[in-house]
Amino acid sequence: MSAARLTGFTGHPIGESKTGLAVGMDSGHVLTKHDMKPKPSYRKGKCNKRVAFVREIIREVAGYAPYEKRIMELLKVGKEKRALKVLKNKLGTHKRAKAKREEMAGALRSQRMKQ
């Protein structure tokens, strides 16, 4: 934590530790902070080495879906906005569409590097 953190809507700085007094900016009982080990839930969504390897093998064997091939074609001719619109319609959310577009652009880059 920083030396002067801001809290609430007032923007008044708050000290690092409590004063032990019932009133004032840093009011409250003085406690010692415990160092907790990180929760397992903080790892959620983090890609494992093995999982990444398996996905890479599957991509190599199965190839790309038809809509992904279409997106690659759109990206080749420079229609990035159109690609995003098609992906958003297909995947449901703007965030997923942007991520997929970046993935497909990366795949195109890697294909060009191989040639």
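Just so it is clear, none of the values below were taken in a lab; they were calculated from the coordinates. Because the structure is a prediction, the values reported are computed rather than measured. Neighbour counts run over all protein chains shown; Cβ positions are idealised from the backbone, glycine included.
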### Task
Mind checking which lysines have their Cα closer than 24 Å to the Cα of Lys76? Skip sequence neighbours fewer than 8 apart in that chain.
Lys85, Lys88, Lys90, Lys95, Lys98, Lys100, Lys114
### Task
Tell me what the chain gives for mean residue ellipticity at 222 nm when only DSSP H runs of n ≥ 4 count, each as -39,500 (n - 2.57), the sum divided by the residue total, rounded to 500 deg cm²/dmol.
-16500 deg cm²/dmol
### Query
Excluding same-chain residues fewer than 8 positions from Lys33, which lysines have a Cα within less than 18 Å of its Cα?
Lys18
### Query
For the chain, what's the relative contact order in percent, using C-alpha pairs closer than 8 Å and at least 6 residues apart?
11
#### Entry: Between 0 and 90°, nearest 10: helix 66-76 axis offset from the chain longest Cα axis
90
#### Entry: Partners for Lys69 among aspartates and glutamates (Cα-Cα distance below 13 Å; same-chain residues under 8 apart left out)
Glu103
### Task
Measure nothing fancy, just the Cα-based angle from helix 49-62's long axis to the longest principal axis of the chain, in degrees from 0 to 90, nearest 10.
20
### Summary
Here the longest stretch of the chain that holds no trypsin sites (Lys or Arg not before Pro) in a DSSP loop having at most 16 other beta carbon atoms within 10 Å is 80-115
## Note on the structure
If one compares the long axis through the Cα atoms of helix 94-114 with the longest principal axis of the Cα atoms of the chain, the angle in degrees, nearest 10, works out at 50
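How much length is gained on full extension from His34 to Arg70, taking 0.36 nm per residue of separation minus their Cα-Cα distance?
On the way: separation 36, 0.36 × 36 = 12.96 nm, distance 5.34 nm.
Full extension from His34 to Arg70 adds 7.6 nm.
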